[in-house]
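Peer 1: The structure that follows is given in the form of structure tokens.
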Amino acid sequence: MRLVILGGPGSGKGTQLQRLSKALNLPGISVGEILREAIAKNNFLGVKAKSYVESGELVPDEMMIQLIRLRLLQDDTRKGWLLEGYPRTPFQVEELEFLLEDFKQDLYGAIYLKLDEAIEIERSLSRGRPDDTPAIVQRRIQGFTERTTPILEYYARRGKLIVINAEKAQATVEAEILRKLKS
């Protein structure tokens, strides 16, 4: 099973990635974690991505596409994966489709963790990350909304969109996702 997890800042994408990874016995791939680790290690990707991440901007598509390609080529992804933090633009959706076509794989679905904007802001600011300032969080939410509408429409047209109310407790959200995956 191959799934992408979509949601705005503070929607619980990382939490659900961990929970679902265990429940489904699939590797959970967090693009944000990969980028934060690269920045901390100050490696090639980290140096290139640092200014984008710190300003709340998206890392360029070309860099992200290569990152995802390399990660999905690793052995642990052969039977499936959960991907959080990608795709974030309509172009990345297309590139993920091309990549999966190259690998002779299909995307099972896109889980959208829907959350009210006020709750997104509150949750994001409470995380305490250095790149979670009010201005950056607001920019991320605005950018997310603008970029994500076409992505949600794309997956909905293909019958692959799974919408989940992310305002509920973590365990309830997880149970709802698992229930919808089985139906």
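Peer 1: Please give the direction-averaged projected area of the C-alpha convex hull for the chain, in square nanometres with one decimal.
Peer 2: With every direction weighted equally, the projected area is 9.9 nm².
Peer 1: Restricting to DSSP loop positions (anything but H, G, I, E, B) with no more than 14 other Cβ atoms inside 10 Å of their own Cβ, which trypsin sites (Lys or Arg not before Pro) remain in the stretch 111-156?
Peer 2: Working: sites: K114, R123, R127, R139, R140, R147; in loops: R127.
Passing both the DSSP loop test and the Cβ count: R127.
Peer 1: Now for a different question. Projected onto the charge dipole of the stretch 2-182 (+1 at Lys/Arg Cβ, -1 at Asp/Glu Cβ, origin at the Cα centre), which of A166, A40, P150 gives the Cα projection farthest towards the positive end?
Peer 2: Result: A166.
Peer 1: Mind running the shape call on the stretch 80-183? Use the C-alpha gyration tensor, a ≥ b ≥ c as the square roots of the eigenvalues: rounded below 1.5 for a/c, prolate if a/b tops b/c, oblate otherwise.
Peer 2: It comes out oblate by the Cα gyration axes.
Peer 1: Per 0.36 nm of contour for each residue apart, how much would the distance between D116 and R129 grow if the chain were fully extended, relative to their Cα-Cα spacing?
Peer 2: Values: separation 13, 0.36 × 13 = 4.68 nm, distance 2.07 nm.
Length gained, D116 through R129: 2.6 nm.
Peer 1: Would you kindly state how much longer the chain becomes between N42 and Y108 on full extension, computed as 0.36 nm times their sequence separation minus their alpha carbon distance, in nm to one decimal? All intermediate terms of the calculation are to be shown ahead of the outcome.
Peer 2: Working: separation 66, 0.36 × 66 = 23.76 nm, distance 3.46 nm.
Taking N42 through Y108 to full extension adds about 20.3 nm, to one decimal.
Peer 1: Hand me the chymotrypsin sites (Phe, Trp or Tyr not before Pro) from the stretch 102-159 located in a DSSP loop with no more than 15 other Cβ atoms within 10 Å, in residue order please.
Peer 2: Those satisfying the criteria are F103, Y108.
Laboratory data are not the source of any read-out in this text; all were calculated from the coordinates shown. Predicted, not measured: the structure shown is a model, and the values here were computed from it. When we count neighbours, we look across all protein chains shown, and the Cβ atoms used for this are built from the backbone with ideal geometry, even at glycine.
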